[in-house]
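Enquirer: Below you'll find the structure I mean.
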Protein chains: 2
Amino acid sequence: MRRIKLTVAYDGTAYHGWQVQPNGVTIEGELNKALSSLFGEKIEVIGASRTDSGVHALGNIAVFDTETRMPADKIAYALNQRLPEDIRIRKSEEAAPDFHPRKCESVKTYEYRIYHDKFPLPTRRLYTHYSYADFDILAMKEAAAYLTGEHDFQSFCASGSQAETTVRTVYAAEVFEEGKEIVIRISGGGFLYNMVRIIAGTLMAVGQGVYPPEHMREIIEAKDRSAAGPTAPAKGLTLISYEFP
Amino acid sequence: MRRIKLTVAYDGTAYHGWQVQPNGVTIEGELNKALSSLFGEKIEVIGASRTDSGVHALGNIAVFDTETRMPADKIAYALNQRLPEDIRIRKSEEAAPDFHPRKCESVKTYEYRIYHDKFPLPTRRLYTHYSYADFDILAMKEAAAYLTGEHDFQSFCASGSQAETTVRTVYAAEVFEEGKEIVIRISGGGFLYNMVRIIAGTLMAVGQGVYPPEHMREIIEAKDRSAAGPTAPAKGLTLISYEFP
């Protein structure tokens, strides 16, 4: 048996998220179906990030075991023939037989995009959260800086999460503008359930003057979900990369 | 009666183009429906550019007549409430009662986008034409330069077109890169049926070395559709603006 690692990009619009579920089409389900049909074996992938419904990815990771002798780099092409257009394998490569993407040290990078103008742009509606509001970008940059480092991020964790610990390390958190889009780009060793979307909702609140940037310190210290801002909508979120240093 | 001018943006993916037709949902049809329901009168818009199925717009123009007393600038907001998310009115304003968008001097600007990488990107699949090929951007720039000025563009006109004359003026034709996208941006006083898509297909052929840039002159002089390259797919095309100087 060989273990193959896939780098997967998708438009999450049409899917009920990554993870296989009884009702609804999922990314994981489509990968399992395409792989099983390609190799004539029952194949189930192990995904790195189980993204929510509507969330997009440029570089999620999945691994699977197979008996095929197909060269690893050719699997991406063969698989793309069998996948819907909104899921693409960007890379396929050999992995160690015991490589598990959720049990290794990794660096995840997410982007949250806010489209800010008088009216939403139809061609960006699926990939950005639209807001008519005025945002103070400098205040958002200042607030984002409080997130870097190791912190207990319980205030930024959806209630009901099963995480053993809510301590996580954020390596970088930037806010910048690209045309009419405000981009929140955040990298870390791990993120709690809904953490990036709650951070985005909180930074938007700072940008709109709901509280000053330095209030981020108090939100972190509160260790209470209700201290942070609202969870920003899924469609503005994209998993940019999931890397194993 | 007042005449109102609308600036309309849309994602053309779900539509059978601009123009009302017996079968299939169209942008014009959706506008007529939303306007008629908003004002309680039967309203039919006059569109500036009757874009094809799958073509997008940031700034198409439509005018209509109405008896409403609603302030012109408020109409955009009221109309957006009644339109699907993939059509947005960006501006509504008062126009002269005899203003006809297809009978006035105008400058149209189109962009054709080619996504060029090893694999297509799912989140750009609806707004770009994907190509695996290598493109010589300098050759494409050089070829595009032959298009500017007044020419008989018959070679770039879909056969079966009803145009009285195939002479048109191109004000600017540029080719540039934005990340992994090659952008062909072209402005002119008017375009023949499929002209921008045939220009895009021809510039792509130049970029792939099918013929040298200077062959553009012969293509123009041939005044024969078969001399030019193929018609590039609709989804890579966006009408950027339609202006009345």
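Enquirer: Send over the semi-axes of the stretch A:2-95's equivalent ellipsoid, whole angstrom and largest first, taken as the square roots of 5 times the C-alpha gyration tensor eigenvalues.
Expert: 20, 13, 12
Enquirer: Averaged per residue, what accessible surface does the protein assembly as shown expose to a 1.4 Å probe, in Å²? Kindly include the intermediate steps, with their values, before the conclusion.
Expert: Values: 21950 Å² over 490 residues.
Value returned for the protein assembly as shown: 45 Å² of accessible area per residue.
Enquirer: Let me ask something else about it. What spacing in nm lies between the two simple spin-label points modelled at A:ASP136 and A:GLU44, each 7 Å away from Cα in the Cβ direction?
Expert: Computed distance between label sites A:ASP136 and A:GLU44 equals 5.1 nm.
Enquirer: Carbon and sulfur: what percent of the protein assembly as shown's accessible surface (1.4 Å probe)? List each step's numbers first, then the result.
Expert: On the way: 10530 of 21950 Å².
Of all accessible area on the protein assembly as shown, carbon and sulfur atoms account for 48 percent.
Enquirer: Output wanted: per-residue J couplings in Hz (rounded whole) for the stretch A:226-231, from phi through Karplus 6.51 cos²θ - 1.76 cosθ + 1.60, θ = phi - 60°, x for Gly and Pro.
Expert: 3J(HN,Hα) across the stretch A:226-231, in whole Hz: 6, 6, 8, x, x, 6.
Enquirer: Another question about this same structure. Identify the residues of the stretch B:100-140 with backbone N under 19 Å of a label point that sits 7 angstrom from the Cα of A:GLN81 along the Cα-to-Cβ direction, or state none.
Expert: Of the residues in the stretch B:100-140, B:118-120, B:132-133 have backbone N under 19 Å from the label point off A:GLN81.
Enquirer: Related question: Using θ = phi - 60° and the Karplus relation 6.51 cos²θ - 1.76 cosθ + 1.60, list the HN-Hα couplings for the stretch A:123-137 in order, rounded to whole Hz, with x at every Gly or Pro.
Expert: My calculation for the stretch A:123-137 gives 6, 10, 5, 8, 10, 9, 9, 8, 9, 7, 4, 8, 10, 8, 5 Hz in order.
Enquirer: Using alpha-carbon pairs under 8 Å, 6+ residues apart, how would you state the relative contact order of the stretch B:34-74 in percent?
Expert: Working: 26 pairs, mean separation 16.7, N = 41.
About 41 percent, as a whole number.
Enquirer: Output the residues of the stretch A:5-36 meeting this criterion: accessible area (heavy atoms, 1.4 Å probe) in the chain alone minus accessible area with all protein chains in place is 30 Å² or greater.
Expert: Residues losing area: A:ASP11.
Enquirer: Using Cα pairs under 8 angstrom and six or more residues apart, how large is the relative contact order of chain B, in percent? Walk me through the numbers before you get to the answer.
Expert: Details: 555 pairs, mean separation 58.6, N = 245.
Answer for chain B is 24 percent.
Enquirer: From the phi of every residue in the stretch B:115-122, what ³J(HN,Hα) in whole Hz does the Karplus formula 6.51 cos²θ - 1.76 cosθ + 1.60 yield, where θ is phi - 60° and glycine or proline is x?
Expert: Listing the rounded values in order: 8, 10, 6, 4, 10, x, 9, x Hz.
Enquirer: Run through the stretch A:141-236 and list the GluC sites (Glu not before Pro) located in a DSSP loop whose Cβ has at most 14 other Cβ atoms within 10 Å. Don't skip to the end; give the middle numbers.
Expert: Working: sites: A:GLU142, A:GLU150, A:GLU164, A:GLU174, A:GLU177, A:GLU178, A:GLU181, A:GLU214, A:GLU218, A:GLU221; in loops: A:GLU164, A:GLU214.
Answer by residue number: A:GLU164, A:GLU214.
Enquirer: Once label points are set 7 Å from the Cα along Cα→Cβ at both B:VAL25 and B:GLU218, what is their separation, rounded to one decimal in nm?
Expert: About 4.8 nm, to one decimal.
Enquirer: Let me ask something additional. Using only protein heavy atoms and a 1.4 Å probe, report how much of A:LYS74 is accessible, in Å² to the nearest 10.
Expert: Accessible surface of A:LYS74 is approximately 110 Å².
Enquirer: Something else: Which value in nm describes the separation of the simple spin-label points at B:MET1 and B:ALA227, placed 7 Å from the Cα toward the beta carbon?
Expert: Label-label distance for B:MET1 and B:ALA227, simple model: 4.5 nm.
Enquirer: Taking all protein chains together and a probe of 1.4 Å, list B:LEU38, A:LEU79 from the most accessible to the least accessible.
Expert: Values: B:LEU38 35, A:LEU79 0 Å².
Ranked list, largest accessible area first: B:LEU38, A:LEU79.
Enquirer: Another one. Return one number: the angle in degrees, 0 to 90 and rounded to the nearest 10, between the long axis of the Cα atoms of helix B:72-82 and the longest principal axis of the Cα atoms of chain B.
Expert: Roughly 80 degrees, rounded to the nearest 10.
Enquirer: Average partner chain C-beta neighbours within 10 Å, per residue of A:121-129? Display every interim value, and only then the final one.
Expert: Working: counts 6, 16, 13, 3, 4, 6, 3, 0, 0.
Partner-chain Cβ atoms within 10 Å, mean over residues of A:121-129: 6.
Enquirer: Continuing with the same structure: Going by amide H atoms built from the backbone, whose H comes under 5 Å of the H on B:GLY54, apart from near neighbours?
Expert: Amide H neighbours of B:GLY54, under 5 Å, 5+ apart: B:TYR15, B:GLY17.
Enquirer: Taking the Cα of A:PHE176, stepping 7 Å toward and past its beta carbon, and measuring to each backbone N in the stretch A:137-152: which are under 17 Å?
Expert: A:137-145
Enquirer: Along Cα-to-Cβ, 7 Å out, sits the label point; list in nm, shortest first, how far the one on A:ALA78 is from those in the other copies.
Expert: 6.1
Enquirer: With the label 7 angstrom out along Cα to Cβ, how close does B:THR165 come to the same site in each of the other copies, in nm, nearest first?
Expert: Label-point separations across copies, in nm and ascending: 7.8.
Enquirer: How many Å² of accessible surface get buried when A and B come together, counting both sides, probe radius 1.4 Å, rounded to the nearest 100?
Expert: Numbers: alone 12050 and 12070 Å², together 21950 Å².
In total, chains A and B hide about 2200 Å² from solvent.
Enquirer: Where the convex hull is taken over the Cα atoms of chain A, what is its projected area averaged over directions, in nm²? It would help to have the intermediate numbers written out before the result.
Expert: On the way: hull surface 54.7 nm².
Reported value for the Cα convex hull: 13.7 nm².
The values are calculated or read from the model by the stated rules, or taken from the named source; none is laboratory data. Computed from a prediction, not measured in an experiment: that's the story for all the values here. FYI the Cβ positions are ideal-geometry reconstructions off the backbone, even for glycines, and counts take in every protein chain you see. When the accessible area is computed, the model is the full protein with side chains, heavy atoms only, and any ligands, DNA or RNA have been set aside. Shrake-Rupley method; radii C 1.70, N 1.55, O 1.52, S 1.80 Å.
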